[in-house]
Ligand SMILES: *Cc1c(COP(=O)(O)O)cnc(C)c1O
């Protein structure tokens, strides 16, 4: 046996569970969908984002089945901001998802990918008039956020001499706190009803849909039951009072992925509702409350469809021992690439089995920032320079919210179902970053 230097481990509360000392077993992931992580890093560099086509399709099919087996009219709308890599959006569109965008930039990106206006939902609190005009002309589904937007749309309707079909975004108490009440109009205090009355009286817009997005990483299906019930009751009322025909209700996104939220100690498999549980709650609430024709059911699920399909490979660069005795690893990916690290304790896998006992360790990123901590307390065996770690699940929000702080953003690849690896986005370099910078004449 190889000699292992002995270490004395201080018992650390952050590492103990109610079962006593932490697991000593090593979590190993040597390949993703049959492709070796070491080979991936050799070919595409480190760090490297890796996405699995297989997982994306499995997730989409799981959620689509859960809803379409219970309800006749279901449509998914891919939430661009969750991950708007062209190839990822294309994949979702190919599976049958349409596009849900929340800004002018995202709208343009969907159009650039060949998505027709009618297949785009335009959400968000900030829709400049020019973007709104284009969306109206192209027949996009516009979800109104505030009264200014009603006025803007009425002006556009007058300019174009048309009636514009619209939906409004609603917010409400669903038993989840803090409540997301800054978007759209409140149902509980009648603000939403009054906004619809205002739309009716303006005679330029036609209400065809009701939308809400109650939060993200929602761990209770019951919140969706409450949301759906309130939307359907509002639908019944405005159809009766104003004669509008509500074609669809859009219950937004927010389903949780199998990620481990900080402060939640049970395993994701225990606390995260299944696609079937979410679907059951939502669909039952429609059937129990709806009067008149059944509306189409729209979903803007983002996170739950992509988070588990994304991995970040990162390599150990150095290690040191901190004054309190804890082992410290410096790896080449930090919070610059893992924005969601502030909320989650990711799974961290080793590329192979390492000899020796595990000891309390901390994993830090490469940034000169004290908060650049990927794992503050983790049991690890002695890793070497170049050991490849797989951080998972990281498919949602990390790429769209990544920051270019002191380093270049890395390559991103997709593994297809035949184990072929495709580059989806090339890493940045000096040219791509300084491309739009200008030096004033007097400094040249
Ligand atoms: C962000 C967002 C979504 C997607 O939310 P997830 O938590 O990723 O499912 C859907 N709809 C709207 C309006 C959003 O802002």
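Remark: the residue 87-residue 422 segment gains 119.6 nm on full extension, using 0.36 nm per residue and subtracting the alpha carbon distance.
Can you give the convex hull volume of the alpha carbon atoms of region 84-301 per residue, in Å³?
In region 84-301, the Cα convex hull volume per residue is 128 Å³.
Each part gets one Cα centre, and for region 83-131 versus region 371-444 those centres are 24 Å apart. Taking 0.36 nm per residue of separation and subtracting the current Cα-Cα distance, fully stretching the chain between residue 435 and residue 284 would add 49.1 nm. In this simple spin-label approximation, residue 406 and residue 182 carry label points 7 Å from Cα along the Cα→Cβ vector, and these lie 2.9 nm apart.
Ellipticity at 222 nm from helices only: DSSP H runs of n ≥ 4 in the chain, each -39500 (n - 2.57), divided by the residue count, give -8500 deg cm²/dmol. Spin-label model, residue 158/residue 237: points 7 Å from Cα along the beta carbon direction are separated by 3.0 nm. Treating r as the C-beta distance of residue 2 and residue 267 and R0 as 35 Å, the FRET efficiency rounds to 0.55. With respect to the chain, whose longest principal axis is taken over its alpha-carbon atoms, helix 86-95 is tilted by about 60°. Placing a pseudo-label 7 Å from each Cα along the Cα-to-Cβ vector at residue 9 and residue 26 gives an inter-label distance of 1.4 nm. The chain: D in µm²/s via Stokes-Einstein (Kirkwood Rh, Cα pairs, 25 °C, 0.890 mPa s)? Roughly 102 µm²/s, to the nearest whole number.
For the chain, averaging the sequence separation of C-alpha pairs within contact (under 8 Å, six or more residues apart) and dividing by the residue count gives a relative contact order of 20 percent.
Just so you know, all these numbers are worked out from the coordinates, no wet-lab data involved. The structure displayed is predicted, hence computed values, not measured ones. Don't worry about glycine lacking a Cβ; one is built from the backbone with ideal geometry, like all the others, and counts go over all protein chains shown.
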